[in-house]
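**Q** Below you will find the structure I want to go over with you.
Just so it is clear, none of the values below were taken in a lab; they were calculated from the coordinates. Note that the coordinates shown come from a computational prediction; the quantities given were computed from them, not determined experimentally. Every residue, glycine as well, gets a Cβ built from its backbone with ideal geometry; the counts of neighbours run over all protein chains shown.
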Ligand code: NAD
Ligand code: UGA
């Protein structure tokens, strides 16, 4: 079976970059990415590549090469499905906020809507691929919906047929293009070899065959949830050790290096920080927890749940210690927040540690000056559920009510730090690694603090600039 036409439903952080890389490597395949969100599609079609809806290093070059040639972005979902040999479902699967399983189970309404639309609009044989991260056995639901669409045929009508595959995505934001170009593995779960081979052939345009793993459907679905759970578990483990380091005089960087050189443990994902963010780790672990309870495994559920609990604790721990070091109160004090994205090299703020830490500090009455090189003010306002404070044109100072927390968006680090009692580093943007602490120190009110949750500052430079320093997991400061 030769694939000539691909449709991807969902033009988000996964659908956009993944399809751009497929189109780039497979000029003989027409790839159409569709979305219900007209604004998002317009942004993908924007001639100014700096306005693509997703910020990823290198994405603009890939889109530039393929767009208009064999990469298309559209809201005409039905036409793209009808023309497709393969339809990828790459839509959002957030945690349910109400009803059965609220707070843990995945909300599958968008996946179900896609399945129904494919069932209606598809023509001939169509391979439907789960690209979204899904609970185990979702493929069964999708197959049931697709099969139910087989209406009695009119004369001369070609019957529809479907195959369902699971092909979870393992890219990380900020390195998405590199991860897609050189994946550790491509996982394809399915039941019929023809469909699996057809999808494998697409990837084999640039991925070596040995890296293409074939499993049954349920192993593939579960492997995705498990991979994220294992990665997140390492972060919670090292963050738990970081707290112990701070209490004992040990340094978590040294501990991480010492344990990471054991080849059985390995050095990656041992960076202590403000807790993991991003749209997936928490959602996927909670989904796993829900599945474990559903299948009568409460002990397994509690084990994984503790990974999320430790993460939440780490974020509140950081906001608490900021308040404590600033003499027990931040009311009315200016605190510069450097970095709002959940990690460097992305404009994504979903579940960013900065949100929880900023909300805690606002609750304590702080005046936050937030800087991030890629996150827009409107996004921060949505995340904090509060508009930025107006500045008094005469004094240039904020006009917030006294005692009530407020925030503003700063255009530069210097502007954020002006008059601040503390700088809190929350995202490891490279520009924050070479700040001029002598200059920043002069702009701050004394005694002034630097809280480095990403271990990116040089402690000697910060302290020689007369600033007090807390660095996550470093008990020797
Ligand atoms: P996203 O929210 O950025 O994008 C999803 C898009 O789907 C949205 O633009 C939405 O408008 C669109 N959509 C919803 N219903 C639709 C429909 N019926 N038809 C067409 N479009 C529709 O989400 P994302 O970050 O791209 O994640 C998508 C899936 O991939 C999730 O299941 C996620 O867990 C998984 N995943 C994400 C990442 C990541 O780094 N973000 C990595 C691996 C896997
Ligand atoms: C993660 C996984 O790494 C991807 O394989 C997966 O495809 C994706 O989730 C998904 O399913 O969405 P992502 O969330 O984009 O990717 O980014 P990561 O690099 O994993 O970072 C996640 C969070 O953990 C970030 O907040 C990051 O700062 C934090 N982190 C990461 C640490 O605190 N320490 C580390 O050592 C590594």
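**Q** Taking the Kirkwood radius as the inverse of the mean 1/r across Cα pairs, report the Rg/Rh of the stretch 5-215.
**A** Here the Rg-to-Rh quotient is 0.96.
**Q** Would you kindly compute the Cα radius of gyration of the stretch 404-460 and its largest Cα-Cα separation (Dmax), both in Å?
**A** Final numbers for Rg and Dmax: 11.3, 35 Å.
**Q** What percentages, rounded to whole numbers, describe P(r) for the chain computed over all alpha carbon pairs with 20 Å bin width beginning at zero?
**A** For the chain, the pair-distance distribution reads 22, 50, 24, 3, 0.
**Q** If the chain between residue 438 and residue 458 were fully stretched, how many nm would it gain, using 0.36 nm times the residue separation less the Cα-Cα distance?
**A** So the extension gain works out to 6.0 nm.
**Q** Report the antiparallel proportion of the DSSP beta bridges in the stretch 5-215 as a percent, rounded to a multiple of 5.
**A** Counting DSSP beta bridges with both partners in the stretch 5-215, the antiparallel share is about 5 percent.
**Q** Using helices alone, I'd like the mean residue ellipticity at 222 nm for the chain: each DSSP H run of four-plus residues gives -39500 (n - 2.57), total over residue count, nearest 500.
**A** -12500 deg cm²/dmol
**Q** Rank the residues 276, 295 as a footprinting-exposure proxy: fewest other Cβ atoms within 10 Å of their Cβ go first.
**A** Ascending number of Cβ neighbours within 10 Å: 295, 276.
**Q** Using Cα pairs under 8 angstrom and six or more residues apart, how large is the relative contact order of the chain, in percent?
**A** Once divided by the residue count of the chain, the mean separation gives 12 percent.
**Q** Limiting things to C-alpha atoms, what are the Rg and the maximum Cα-Cα separation (Dmax) for the stretch 122-277, in angstroms?
**A** When restricted to Cα atoms, the stretch 122-277 yields Rg and Dmax of 21.3, 80 Å.
**Q** A follow-up question, please. Output needed: percent of Cα pairs per 5 Å distance bin for the stretch 277-413, bins running from 0 to the one holding the longest distance.
**A** Binned Cα distances yield the sequence 2, 10, 17, 18, 17, 13, 9, 6, 4, 2, 1, 0, 0.
**Q** Also: What per residue convex hull volume, in Å³, do the alpha-carbon atoms of the stretch 319-368 yield?
**A** Numbers: hull volume 3.4 nm³, N = 50.
In the stretch 319-368, the Cα hull volume divided by residue count equals 69 Å³.
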